Amino acid sequence: MRSALLLLAAASLIAGCATPLSPKEDAPFQSYASANDHPAHRPSRSMSSFSNSLACMDEMMREAEVPTTLITSKFIADYTGRVPVAAKEMVITALSQMSRRSNAFRYVDFEVDIARQDTVQNLSTILLNNNQMELQRPALYVSGGVSFVDQNVISTRHGAGISGPRVEIGYDRNRGATIVGLEMHLGDFRTRTIIPGLDSANEVIIGSSGQGLDLAGRIGTYGVQFNVGRDLTQGTGAAMRTLVDLALIELAGKWTHLPYWSCLTLDNTHPEFQRQLREWYDQGDPMTRQRLVENYLVSRGYLTASELPLSSSSTLLREAIGRFQADKGAVVTGVIDFSVYERALRDFVAIDADGNLTRVGWPELEAGRQPVSPLAIDMQIENMVKDRSAFTPGTQIFASVTVSRAAHLFCYINDANGNIVRLQPNHLSASSLVSANQAIRLPDWMVPFPAYVINAGAKGHEALMCIASDEDPMTRMPTQLNMPALTPITAVQTLDQLRREFESAVGEKHMAAQTLEWNILPPPPQPAAKADAAATSAKPQ
C-alpha cells in the first residue's frame, strides 16, 4: 500500500512538471533566445585554391588592356542530383573577381525563370514591353554542367574488437573517395555555337574518413557503454567552387590568348596551403601573430613603423585591418583572425625542393625588416576601340584608375580649351579615400546619372591626370587650388604645375601620379546645316 501511494505521488509530481509554464513565468528563459539565435562564429569570405589565381588573371588582363566583353551563362545543370549548389552564381562571382581592375567581363543577366518570377523579372518584362528598357546582347555565354559524380570510387574499412565476460571493446576505421567532374564551354551568343577549343573539363576528389571506439562493460548488475567517434567529410560546395574557378580561368585565358597557366602555378594553389597555414596559426601565440600582421601592414602602407607597437584593441590597428580586409575582399571585422593571417602571410609561403610548403622571409617580417611597398597608380582608357590615342570631336571617353594600396585619389582633366577641372572627388563621390586594387571608373558609366561625362572637345590635345597620396593633400594645398569639383582652376596653367603643387604638399615619396593623353581629330565632313558646336570636355550632369 505504501509503495502504491509513493508511485501515485511521483506520477502527480511528473504531471505537474509537464504542465506548461505561464508566459509570464517563462519570460526570463525566453529572453536568452535572441542572443543565442546568432551564429557563434563570424562569417568568412568563401575562398578556393584559385582565389589568388583569379586576381592574377585580373591583373594580367588589365596589363594587356583587354577590352570589356559582355558575357552571360546558361544554368549549370547537375543531372546527377548529388551536387546541390548554385553553380551559376559561382560563375558570376568568378567573372566578377577577374574583372575588378580589368573590367574584362560584364555579366548580362538574361535568364528568366518562368516558375519563379521575382520583382526584377516582373519589372524587366513591363519595361521591355513599353520600350523603356534595352538589354545589351552579350558576345559570349558560358555553358556546362556537372558531368558525373562517382561515389566511393575507392573505400576501405577496418574493424577489430575484444570481448570478455565483463567488457567489450571495438574499434572501427573507414575511408572513401568520391570524384566530381565539371565540364564548361564558351559559346558565341550571336550564333549559339560552341567555340572549338574553348572548353574545360576537370574533376576533383572529395574525401571522407571516420573512426570510432566502442566500450561496453558491467559493474555488478549495471551495464556501462561508451562510444567515441570522429568523422570528416569534405563538402561538395567548396569542391565545386574550386572547379568553377579553375574552369573560368582556363576559358578566360584561352579567349584572351593570355598565358593563364602562369596564374595556375602559384604556390598558394597547393591543396594543403590553407591547412598548413591554419596549423602554423594554431601553433603560434597571439602576440607573435599580431606582430607578423602588424609588420606586414607596415610593409603595405596601412600603418607606419613609428605607430608600432599597438595593443590588440587599438582603434588605429582595427582601422588598418579593416581597410586591408576591404581591399582583399574579406569580411571586415577589424580583428586578427585566421582569414587576416592567411591573406597577410600567403605571399611568404613557397614550395620547397621536396614539394612541401615552407615559410619564406618570416624572420625578416617578424623583425619588421620588410621594405614598404611603393604607392603605385595605374590608369587606362576603356573605350572599346583599337586606337585609344585619338578621338573625333564629341566622342565620349571612358577611363579607369586603380591604386596599389588605400590612398587619397584626385583626378583632373585638361581640355582642348586649356581648362583644368577636378573630376574626382565630386558631389556624388565626396570622399577622396579609395581602396586598393579597385577600378575607379572615370566617369562611372555603371550608374544611370554620373556626376559628369568626358566628351572629346574641339580639335587639339587633351589630358587626364590622377594623383594618389598617402595623406589628404587638400589640408596643405593653397586655397585657390582647393576648388569645388567640375569648376575651372585658374591658379595653374598646366597639369605639370598642378602635380608639383601636390609634391610640395605631401612630398614626392608619398604620392604617385599618371597622365593619359589623347588627340582630337578633325571632325568628319558634314553638311553645314547639321554642323554641331564642339562639345566641352567635361560637362556636369
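Every read-out reported here was derived from the displayed coordinates using simple, explicitly stated rules and does not represent laboratory data. The shown structure was predicted, so the numbers you read here are calculated from the model rather than taken from an experiment. Cβ coordinates were reconstructed from backbone atoms using ideal geometry, including for glycine residues, and neighbour counts include every protein chain displayed.
If I take all pairs of Cα atoms in region 325-469, what percentage of them are more than 28 Å from each other?
Counting pairs separated by more than 28 Å, the tail of P(r) holds 39 percent.
Tilt of helix 2-18 relative to the longest C-alpha principal axis of the chain, in degrees (0 to 90, nearest 10)?
Helix 2-18 sits at roughly 10 degrees to that axis.
Cα-Cα pairs above 20 Å in region 262-334: how many percent?
Counting every Cα pair in region 262-334, those more than 20 Å apart make up 43 percent.
Give me the aspartates and glutamates in straight-line cross-link reach of residue 386: C-alpha distance below 13 Å, same-chain residues under 8 apart excluded.
Filter leaves 65.
Under unit Cβ charges (Lys, Arg +1; Asp, Glu -1), what dipole magnitude, rounded to 20 debye, does region 82-169 have relative to its Cα centre?
340 debye
Using Cα positions and a limit of under 13 Å, work out the aspartates and glutamates in reach of residue 509, with same-chain residues fewer than 8 apart set aside.
470, 471
Kindly give the semi-axes, whole Å and largest first, of the ellipsoid equivalent to region 51-269, taking each as the square root of 5 times a Cα gyration tensor eigenvalue.
Ellipsoid semi-axes (Å, largest first): 49, 22, 15.
What translational diffusion coefficient, to the nearest whole µm²/s, does region 63-166 have by Stokes-Einstein, given a Kirkwood radius computed over alpha-carbon pairs, a temperature of 10 °C and 1.306 mPa s viscosity?
For these conditions, the coefficient is 88 µm²/s.
Return, ordered by residue number, the residues of region 60-84 whose backbone nitrogen is under 17 Å from a label point located 7 Å along Cα→Cβ of residue 110.
It comes to 69-77, nothing else.
As a check on your grasp of the helix formula, calculate [θ] at 222 nm for the chain: sum -39500 (n - 2.57) over DSSP H runs of n ≥ 4, divide by the residue count, round to the nearest 500.
-8500 deg cm²/dmol
Identify all aspartates and glutamates with a Cα-Cα distance to residue 88 below 17 Å; exclude those on the same chain that are fewer than 8 residues away in sequence.
The reachable aspartates and glutamates, counting only those whose Cα sits under 17 Å from residue 88, are 78, 109, 111, 113, 183, 199, 245, 250.
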